[in-house]
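Colleague: Here you go, one structure.
Computed from the coordinates by the stated procedures, all read-outs in this text should not be read as laboratory data. Quantities reported herein were computed from a predicted structural model and do not represent experimental measurements.
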Amino acid sequence: MAKKKTEQAPSAKPEQQPTDEDLKKQMSGAMPINAPYFNAGVLQVNVAGNDVLLIFHRARPVSLPSGEMAQAALTETVAIVSVSPQTAKDMSLLLPKVIQDYEAEFGEIVTPFTQKLGQHGRLKKDH
């Protein structure tokens, strides 16, 4: 009677972080994406006809003629991105996963806007 030959699964190697040399090889010949880069901390969303407008703003400090800083910052529009309602819907489905992964790694993101949201995901009415 012949013995059955048993096969063992190859041992799994622990995943290693790429070395600087690995990264250099991977990046050789790589080029940055040639697109404008904007930094914005404020987002406004408007609907105009068949477009959803994403209007990005940033706060800029204001220096008064006296040399002192103004109490309030100036809000400057840095970009307006127009997308179709279909693209806006796709974004609404993709972004929660991005935020979930970020919060899993770094902790919950709390903003004045998220604090206004009720338990059912609706804005609380201010009285």
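Colleague: How large is ³J(HN,Hα) for each residue in the range 72-84, as worked out from phi by the Karplus curve 6.51 cos²θ - 1.76 cosθ + 1.60 (θ = phi - 60°), to whole Hz, x for Gly and Pro?
Modeller: 10, 8, 8, 9, 10, 6, 10, 6, 10, 10, 9, 10, 6
Colleague: Let me ask another. How long is the gain from Ala88 to His57 if the chain were fully straight, where each residue apart is worth 0.36 nm and the alpha carbon distance is subtracted?
Modeller: Residue separation times 0.36 nm, minus the Cα-Cα distance, leaves 9.3 nm.
Colleague: In addition: For the range 26-39, take each phi angle, set θ = phi - 60°, evaluate the Karplus expression 6.51 cos²θ - 1.76 cosθ + 1.60, and give the result in whole Hz per residue in order, putting x for glycine and proline.
Modeller: My calculation for the range 26-39 gives 5, 8, 4, x, 6, 10, x, 5, 8, 8, x, 10, 10, 10 Hz in order.
Colleague: Return the sequence-ordered ³J(HN,Hα) values of the range 44-52 in whole Hz as given by the Karplus equation 6.51 cos²θ - 1.76 cosθ + 1.60 applied to θ = phi - 60°, using x for Gly and Pro.
Modeller: 10, 10, 10, 10, 9, x, 9, 10, 9
Colleague: Could you give the length gained by full extension between Leu64 and Phe113, i.e. 0.36 nm per residue of separation minus their alpha carbon distance, to one decimal place?
Modeller: Gain on extension, Leu64 to Phe113, equals 14.6 nm.
Colleague: Around Thr75, which amide H atoms from residues at least 5 apart in sequence, or from another chain, sit under 5 Å from its own amide H, with H modelled in the peptide plane?
Modeller: Arg60
Colleague: Separate question: At 20 °C and a viscosity of 1.002 mPa s, what translational diffusion coefficient does Stokes-Einstein give for the range 6-109, taking Rh as the Kirkwood radius over Cα pairs? Give it in µm²/s as a whole number.
Modeller: 111 µm²/s
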